[in-house]
Amino acid sequence: MGENTKGAGVFIELRKRLQSGLLVLRRDVAKSYAEVSVTGGDSSLHIRTPRGLLIVELPAGVSLVEGSCREAPGTGDEIHFRMRLNVDQHTDDTGALGSVMERLLVQESYCFHCQSCGTRVLEERVFKRVLPLPNGNWSSLVDDWCCHPDPFANLKLLPRAEDCLLGDTHILVHRDRGCEETLTQELSPSPRPITNKMADGQNQDTQKPNRRRTLVSCKSCTAGLGEAVAPGTLKLYITEVTVRPSVGDSQFDTSLDRLLFLEQTIAARLVELSSSQSMYRFSIQTPDGKAFILLWLLNSDSLIVSLSATMSSTVRGDAVTSPSHRQCSERQSPTKAGSAVKVLYLPCSPSASTGSTHQDVVDTWEKDIGVHPLDLPQTTCQELLAVLTASTSCLPLSLHSMNSFQVAYMRL
């Protein structure tokens with residue numbers, strides 16, 4: 001972490017929709033604006049400093065407007081540049097592949113794999129119906145829809161044998177006999193009750209009931225995959241399983257880094273929810289409804305490059321958010337700048353940051369119906385927080401925070 005405590009040596013963010021860009025250099029890379037030259041190539045940026053020449057490859061259709069790079073106000077240890085871009089109107093805004101929610105089709109055969117070990121946990125599933133579940137706030141809105149008592153109280157939306165129901169972060173499917181060979185079930189430990197809060201923020205003596213859940217795990221590696229929400233119904237989190245078309249005996253690729261998979265999966269879902277339902281603020285929660293991270297999606301059209309002060313001829317743009325590249329590693333082979341979403345986040349646990357909980361912000365978000373809850377397993381919430389804090393550590397110090405929130409980029 002030695003170099004990361006000083007922030008990134010070179011940082012570039014290009015906004016395709018705004019057709020603009022920001023370049024930030026630490027003063028140990030270049031002491032003054034006069035030492036820096038920024039020019040454009042064939043879908044590339046050429047940045048020359050006393051440390052050497054940095055070449056960043058851009059997606060097709062994105063290029064620098066020559067002569068547009070200008071000095072911008074910076075901080076004491078950083079110098080900033082602003083630039084304008086030419087962006088072809090047919091260029092994809094995000095470059096995202098989309099989450100599994102966008103790829104499941106009816107009458108197609110799929111296999112479900114444990115993301116941790118690659119074991120097939122559900123074999124050859126063909127769905128006659130693939131349907132979305134109501135969003136996470138639907139029960140809170142029933143009073144606004146109905147003039148009589150809630151007709152949906154104590155009712156569960158469960159799949160039939162050949163159904164696949166899609167939640168925000170999970171899939172509901174029918175449990176068949178083959179699950180006996182690949183899955184195990186056990187009751188969760190007795191949870192602590194959650195204290196309710198009154199509208200004025202004062203604690204009530206009454207406590208919200210908190211049930212024990214039937215946890216579902218992979219029999220091969222014991223990784224948690226979800227829950228049994230009813231007899232014969234599985235709730236599988238999209239962060240814990242991968243879904244692939246059933247194509248012969250193809251082997252599952254277990255080389256994908258766990259945290260990279262999690263990062264890309266959550267980033268894709270944030271983009272999909274913001275696009276389809278105009279949701280931008282999210283409360284990442286544990287299954288018992290306890291807020292773990294507050295997340296605010298700012299934009300999904302960024303191209304990002306971040307690296308340490310040691311510059312080589314080319315650099316991977318996706319190094320900015322990878323927890324496995326804490327020093328913002330460089331690569332020798334050319335690659336495109338990485339597509340990413342920009343988020344603000346606030347840990348809700350006092351042990352997750354500096355000991356401050358920002359409880360006033362948490363309380364305000366919990367009472368705001370415009371904040372969308374996304375539930376994930378407890379360990380996955382912790383992993384996601386590690387992804388976000390690793391991204392923050394690879395940013396220039398001046399870009400680490402915004403008001404009480406931290407800033408991070410998540411790869412698509």
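The values are calculated or read from the model by the stated rules, or taken from the named source; none is laboratory data. The structure presented is a predicted model; accordingly, all values stated were derived computationally and were not measured. Cβ coordinates were reconstructed from backbone atoms using ideal geometry, including for glycine residues, and neighbour counts include every protein chain displayed. Just the protein is used for accessible areas: all its heavy atoms, side chains included, with ligands, DNA and RNA removed. Shrake-Rupley method; radii C 1.70, N 1.55, O 1.52, S 1.80 Å.
Taking GluC sites (Glu not before Pro) across the range 43-94, the ones in a DSSP loop with at most 13 further Cβ atoms lying within 10 angstrom of their Cβ are E66. Accessible area per residue (1.4 Å probe, heavy atoms of protein chains only) ranks C221, C348 as C221, C348, with the largest value leading. Largest to smallest in accessible area, the residues V305, V247 fall in the order V247, V305 (1.4 Å probe, all protein chains included). Of the whole protein surface, F261 contributes about 30 Å² of accessible area at a 1.4 Å probe radius.
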